[in-house]
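The structure under discussion appears below in the form of structure tokens.
The values are calculated or read from the model by the stated rules, or taken from the named source; none is laboratory data. Keep in mind that this is a model prediction, so the values were computed, not measured. Here the Cβ positions follow ideal geometry from the backbone for every residue, glycine too, while neighbour counts run over all protein chains shown.
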Amino acid sequence: MSAAALLRERLAGRRPNVALILGSGLGALAEGLAERIEIPFADIPGFPRSSVSGHAGALVSGRLEGREVIVVSGRVHYYERGDAAAMRPVLEALATLGVRTLVLTNSAGSVRQEMAPGSVMVIADHINFSGLNPLIGEPDERRFAGMTAAYDATLRERISDVAAALGEELHSGVYMWFSGPSFETPAEIAMARTLGADAVGMSTVPETILARFLGLKVLAASVVTNYGAGMTGAELSHAETKEMAPKGGARLSRLLAALLRQGHLDD
Ligand code: HPA
């Protein structure tokens, strides 16, 4: 049975058109899901297995703010297996199910003094200097996917409007993908800043590339958990990421909830 066929069976007629991939420490939004149907990745043919602590590895269907959504809890990162296309089976199955809009959240390091830990940044664009791409090996011309408008301008405008209405500060900036799993060096953070990045992180970019390839609209946002390496003198750790993520994560969750409530993620 294909992944999409199994999901169709388990979802029993539900047709979500919005999917959310929640980063580590950002799973709280999924706890508010009503009428939940949880499908572990392990049950779905071809789905990847996540190995990061704090990630569950399940699709959770349900209603958030009255809207039908599907939450991907437990993304798989490039650094787990060296596979930039690790999330491809997940995104393909969602697209086949009828998902049109993909919301990506992550935790990230800030390379800007003025964007302190706890900040939320909507991703306006990305820099992929990793030399990796999830579409490498794709046989036909669809592989030349355009990235000019990777992060949907209308959705970015809507989240900015919602933030303004709620009185929440929302940064907008460029996210630079590093493969991880080691954190960056101070020199790499200085380079990222010079190249025009505002935040750095280890996810999202391959998913955005895959999503655009599959014709999905993307809204992506980072929760800043720390300053980039060398900016404070302190060593970075995953423990800090997990500890800090819920702080900005609660604010990002409020923004996403408001977008859903107002029907701004449907089309
Ligand atoms: N670098 C890369 N990824 C991250 C960071 C960071 O400083 N913080 C959270 N995710």
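Descriptive notes on the structure:
- Restricting the range 225-267 to residues that are of a type in the set (Val, Ile, Thr) and buried (at least 16 other Cβ atoms within 10 Å of the Cβ), the residue that is farthest from GLN113 (Cα to Cα): THR241
Per-residue answers, yes or no, for (1) more than 16 Å from the chain's Cα centre (by Cα); (2) hydrophobic (A, V, I, L, M, F, W, C):
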site	(1), (2)
ALA4	yes, yes
PHE41	yes, yes
ALA58	no, yes
VAL71	no, yes
TYR79	no, no
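- Within the range 188-225, the set of residues being touching a residue at least 12 places away in the same chain (Cβ under 8 Å), more than 11 Å from the ligand (Cβ to nearest atom) and part of a helix (DSSP H, G or I) comprises ALA190, ARG193, LEU195, VAL205, PRO206, GLU207, THR208, ILE209, LEU210, ALA211, ARG212, PHE213.
- Counted residues, the range 236-265 - those being away from the ligand (no atom under 11 Å from the Cβ) and not in a helix (DSSP H, G or I): 4
- Among the residues listed as SER182, SER172, the single one being within 17 Å of GLY201 (Cβ to Cβ) and either in a loop (DSSP other than H, G, I, E, B) or in contact with a His (Cβ under 7 Å, 6 or more places away or on another chain) (or both): SER182
- When the range 102-118 is filtered for residues that are outside any strand (DSSP E or B) and either out of contact with any helix residue (DSSP H, G or I) (no Cβ under 6 Å at 6 or more places or on another chain) or under 23 Å from ALA86 (Cβ atoms) (or both), the ones remaining, listed by number, are ARG112, GLN113, GLU114, MET115, ALA116.
- Top-ranked residue of the range 194-224 - restricted to ones that are surrounded by fewer than 19 Cβ atoms within 10 Å (Cβ to Cβ) and among the aliphatic types (A, V, I, L, M), ranked as nearest to ALA116 (Cα to Cα): LEU195
- Screening GLY180 against (1) modelled with pLDDT of 95 or more; (2) in contact with a strand residue (DSSP E or B) (Cβ under 9 Å, 6 or more places away or on another chain) leaves a single unmet condition, (1).
- Some residue of the range 158-174 being farther than 22 Å from GLU240 by Cα, away from the ligand (no atom under 16 Å from the Cβ) and of a type in the set (Val, Ile, Thr): yes
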